[in-house]
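Please read the structure below before turning to the comments.
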Amino acid sequence: MGRNSGGSPNRQGGLKPGDADFKGKVGKLESLSTIKDPQVYKEVTSAISRFHSVLGVRQRNVKVATLPAGVGGVHVTSGGKSEVVALSKQVFNGKGSTKKTVEGWAKSGYKSGHLTETNKPVAHIVTHELAHATWNAHLTGAAHIAAGKEITKMYNSWLKDKGRKGYGKYASSNVSEFWAEVCTKAVHGRADKYTKRAKSIVKKYGL
């Protein structure tokens, strides 16, 4: 996920490819408790709690870190395993960071049709990255490989579904981004057959 260098929301809603298995530079990891704005901190921690209540606890290692310009959040893997979810310090804990500035990212993406719309725009970045930690095409555990077959089949069906509603264009980027966005919709948006299927897959394979 990314933003523009000026700090205002970009038309892509703060999303950039490659966040499922980020290989760029991640600066010093810091506790979420270092987030200065109380509303931002509350929104972030509430997003994590909500994700855990709906899809289960998969990645407790969520930090803030200095990330490359234009990147708002990433999921890092190591050896085919989920390592850490890092949220941009510049975005979530930078000078002038507020609930309004963070939610502006997702709202711009909703308006442009890039992102899958939810009722929790601040939580979107957090939830999207946690979803990558649940499953993405780069995780190599036996359960992830088995689940991947069903997820890919669901993705291909979704691509052909002309009647699907509520999804942004970013979900069609690849199967990993589809999964992250359908899970984000499952946690914070309107339920449909794909969100229900995603929940079923998580439960079936213990992702």
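Computed values, structure above
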{"item": "Mean Cα-pair separation over length for the chain, i.e. relative contact order, pairs under 8 Å, 6 or more apart, %", "result": "24"}
{"item": "Alpha carbon convex hull of region 102-207, volume per residue in cubic angstrom", "result": "85"}
{"item": "Low-density loop positions, trypsin sites (Lys or Arg not before Pro), region 29-125 - DSSP coil, at most 14 other Cβ in 10 Å", "result": "K36, R60, K95"}
{"item": "Size of charge dipole - the chain - debye, nearest 20, with Cβ of Lys, Arg +1 and Asp, Glu -1, no other charges", "result": "420"}
{"item": "CD proxy at 222 nm, helix term only [per DSSP H run n ≥ 4: -39500 (n - 2.57); per residue of the chain; nearest 500]", "result": "-15000 deg cm²/dmol"}
{"item": "Most to least accessible of K23, K169, K203 (protein chains only, probe 1.4 Å)", "result": "K203, K23, K169"}
{"item": "Among S97, S31, T116 the positive-end extreme of the charge dipole of the chain (Cβ point charges)", "result": "T116"}
{"item": "Y167, Y41, reordered so the largest accessible area comes first (probe 1.4 Å)", "result": "Y41, Y167"}
{"item": "Normalised per residue, the volume of the convex hull around the Cα set of region 50-143 (Å³)", "result": "114"}
{"item": "Check: region 88-207 dipole with +1 on Lys, Arg Cβ and -1 on Asp, Glu Cβ, in debye", "result": "360"}
{"item": "The chain - share of DSSP beta bridges that are antiparallel (%, nearest 5)", "result": "65"}
{"item": "Cα-Cα P(r), region 147-207, percent of pairs per 5 Å interval", "result": "4, 18, 35, 29, 11, 2, 0"}
{"item": "Region 143-181 versus region 90-110: alpha-carbon centroid distance in Å", "result": "27"}
{"item": "Accessible surface, the chain, averaged per residue in Å² (probe 1.4 Å)", "result": "47"}
{"item": "Across K42/K162; K42/K203; K63/K160; K111/K149; K23/K162, pairs whose alpha-carbon gap is larger than 30 Å", "result": "K42/K162; K63/K160; K111/K149; K23/K162"}
{"item": "Rg(Cα)/(2.2 N^0.38 Å) for the chain, N = residue count", "result": "0.93"}
{"item": "Local net charge near V187, Cβ-Cβ under 14 Å (Lys/Arg +1, Asp/Glu -1)", "result": "+2"}
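The values are calculated or read from the model by the stated rules, or taken from the named source; none is laboratory data. What you are looking at is a predicted structure, and each value in this text was computed from that prediction instead of being measured. Cβ: placed from backbone, ideal geometry, glycine included. Neighbour counts: every protein chain shown. To get the accessible areas, we keep the full protein, side chains included, count just its heavy atoms, and leave off ligands, DNA and RNA. Shrake-Rupley method; radii C 1.70, N 1.55, O 1.52, S 1.80 Å.
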